[in-house]
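**Student:** A single structure is presented below for examination.
Where a number appears in this text, it was derived from the coordinates with a stated rule and is not lab data. This is a predicted model, so every value here is computed, not measured. So basically every Cβ, Gly included, is an ideal-geometry build from the backbone, and we count neighbours across all protein chains shown.
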Amino acid sequence: MAKPILGMIPPSGWHYIDGDARLNGSTYSNLLSVVESYRAENHLPIGDVEGDVNSYICTNWPTFCHGVDMVSVTSVNPSGELLNDIQVWAKNLQNANKPLMYVTDELAEERAKTCRACEFNTNWRGGCSSCVNATDRLSASIRQGRETKSSAVLGGCIKMRHDNRSAIFFDKETFDRANNMPTNCWLNI
Ligand code: SF4
């Protein structure tokens with residue numbers, strides 16, 4: 001069965017239409033939980049949540065799916081697509097149905113140093129300046145303006161498709177880790 005590629009966020013974010021309801025998730029696994037809870041709370045048959053979500057995403061956006069297993073994308077279009085994905089990622093977190101959990105500034109600074117040295121930390125601030133500014137504001141909003149000594153110079157992660165400047169502040173529960181992350185990544189620790 002085709003399955004979504006974890007490194008590619010579907011257009012307008014991780015979501016599923018269940019009857020008349022649009023259900024949003026901050027990540028793929030969070031979306032599965034949201035759909036399951038929605039069905040339970042509304043006394044609907046739970047059914048095959050993962051199959052239904054996969055089918056919805058892969059029918060509508062087949063290029064966002066892999067036919068064999070979940071993989072992450074390693075080849076991406078530099079700033080434009082990454083900017084869009086970061087915007088969707090940040091919106092998903094902003095609209096998440098549970099409070100965001102943050103780590104200490106000390107831990108965030110350690111993570112920032114790891115990202116700075118990582119080949120997958122990439123500048124996403126290019127092209128449309130108003131889009132860049134809007135995405136920067138959104139990203140600052142989800143991390144509640146947090147900053148460390150090293151965080152301000154970070155770009156986006158082309159593996160995880162998130163803004164490293166904000167991601168370093170979130171608890172690891174916030175992430176669905178792609179399956180071929182570099183061994184030095186702080187998400188592995
Ligand atoms: S792979 Fe990990 S360490 Fe590298 S940029 Fe992405 S989040 Fe940072």
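**Student:** Which shape class, rounded, prolate or oblate, goes with region 79-188 when its Cα gyration tensor gives a ≥ b ≥ c as root eigenvalues, a/c under 1.5 marks rounded, and past that a/b bigger than b/c marks prolate?
**Tutor:** It comes out rounded by the Cα gyration axes.
**Student:** Something else now. Enumerate the lysines that Lys113 could reach by cross-link, defined here as Cα to Cα under 21 Å, with residues fewer than 8 away along the same chain left out.
**Tutor:** Lys149, Lys159, Lys172
**Student:** Length gain on complete extension for the stretch Asn184 to Lys172, per 0.36 nm per residue less the alpha carbon to alpha carbon distance?
**Tutor:** Net length gain for the segment: 2.8 nm.
**Student:** For the chain, with only Lys/Arg (+1) and Asp/Glu (-1) charged at the beta-carbon, what is the dipole magnitude about the Cα centre, in debye rounded to 20?
**Tutor:** About 580 debye.
**Student:** What is the order of Trp186, Trp61, Trp14, Trp124, fewest Cβ neighbours within 10 Å to most?
**Tutor:** Final ranking by Cβ density, sparse to dense: Trp61, Trp186, Trp14, Trp124.
**Student:** Moving on to the next point. Around Ile189, under 12 Å between beta carbons, what's the net of Lys plus Arg minus Asp minus Glu among the other residues?
**Tutor:** It works out to a net charge of +2.
**Student:** Based on DSSP H runs of at least 4 residues, each adding -39500 (n - 2.57), what is the mean residue ellipticity at 222 nm of the chain after dividing by all its residues, to the nearest 500 deg cm²/dmol?
**Tutor:** -12000 deg cm²/dmol
**Student:** Can you find, among Ala40, Asn179, Ser151, the residue sitting farthest towards the positive end of the charge dipole of the chain, where Lys and Arg contribute +1 and Asp and Glu -1 at Cβ?
**Tutor:** The Cα lying farthest towards the positive end belongs to Ser151.
**Student:** Under 8 Å for C-alpha pairs, at least 6 residues apart: give me the relative contact order for region 73-183, rounded to a whole percent.
**Tutor:** It comes to 38 percent, rounded to a whole number.
**Student:** Note down the magnitude of the dipole of region 3-66 about its Cα centre, charges +1 on Lys and Arg C-beta and -1 on Asp and Glu C-beta and zero elsewhere, to the nearest 20 debye.
**Tutor:** With only Lys, Arg, Asp and Glu charged at Cβ, the dipole is about 220 debye.
**Student:** Considering only Ala2, Gly126, Ser12, whose Cα is most displaced toward the positive end of the charge dipole of the chain, charges sitting on Cβ of Lys, Arg (+1) and Asp, Glu (-1)?
**Tutor:** Positive-most Cα among the choices belongs to Gly126.
**Student:** How big is the dipole moment of region 79-188 about its Cα centre under a simple scheme where the beta carbon of each Lys and Arg is +1, that of each Asp and Glu is -1, and everything else is neutral? Debye, nearest 20, please.
**Tutor:** Computed charge dipole of region 79-188: roughly 100 debye.
**Student:** Multiply the residue separation of Ala2 and Asp52 by 0.36 nm, subtract the distance between their alpha-carbon atoms, and state the gained length in nm to one decimal.
**Tutor:** Between Ala2 and Asp52, full extension yields an extra 16.9 nm.
**Student:** Taking the number of other C-beta atoms within 10 Å as the exposure measure, put Ile86, Ile17, Ile5 in order starting with the fewest.
**Tutor:** Ile17, Ile5, Ile86
**Student:** Ranked by Cβ crowding within 10 angstrom, fewest neighbours first, how are Val88, Val53 ordered?
**Tutor:** Val88, Val53
**Student:** Now for a separate question. Normalised by the number of residues in the chain, what is the relative contact order in percent for Cα pairs under 8 Å and 6+ residues apart?
**Tutor:** Value for the chain: 27 percent.
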